[in-house]
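Every number in this text was worked out from the coordinates using simple rules, so none of it is lab data. Values in this document were obtained by computation on a predicted structure and should not be read as measured data. Methodologically, a virtual Cβ is constructed for each residue, glycine included, from the backbone with ideal geometry; neighbour enumeration extends over all protein chains shown.
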Amino acid sequence: MVCPIVVGDDIAFHFNPRFSDECVVRNAKKGGYWGPEDRRGVQPFTKGQPFVLEISCLDDRFAVSVNGMQFTEFVVRGALEGDSTLSSNNISHLHISGDVAPTKVSKMNPSTGMSYLQNPNAAKKLD
């Protein structure tokens with residue numbers, strides 16, 4: 001499974017579980033260049049088993065939970081320097097690919113707490 005969160009041509013958050021390496025790679029791509037990979041932590045997924053993945057887009061970071069347990073946080077690249085290019089306010093797409101079959105994709109409005117169901121079989125444009 002590869003799960004990039006897209007801002008224009010950049011990728012604000014790339015989430016890629018790799019069973020062969022027993023890790024989950026996190027990264028960002030800005031201006032055509034990938035940053036350093038973050039591979040810290042254990043592999044929270046079991047091949048062939050269903051899971052619930054929740055990615056919370058906060059002002060300066062992405063918080064990730066797997067099966068209801070906090071897994072990791074990924075600081076938005078440039079956020080500490082005041083660069084808001086890859087901030088959650090600019091996210092336009094979620095792209096899911098690989099050997100995974102999503103059953104539900106939703107976007108929650110943080111001000112109302114309401115969740116909006118997206119069609120998991122269509123292109124994932126979250127607006």
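So here's what we get for this one:
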{"item": "Distance between modelled label sites at Leu58 and Tyr33, nm, 7 Å Cα→Cβ extension", "result": "2.7"}
{"item": "Neighbourhood charge, 15 Å Cβ-Cβ cut-off, centred on Pro36 and excluding it, Lys, Arg +1 and Asp, Glu -1", "result": "+4"}
{"item": "Positive minus negative residues near Asn27 (Lys, Arg vs Asp, Glu; Cβ under 10 Å)", "result": "+2"}
{"item": "Those GluC sites (Glu not before Pro) in the range 16-70 that DSSP places in a loop and that have at most 15 other beta carbons within 10 Å", "result": "Glu22, Glu37"}
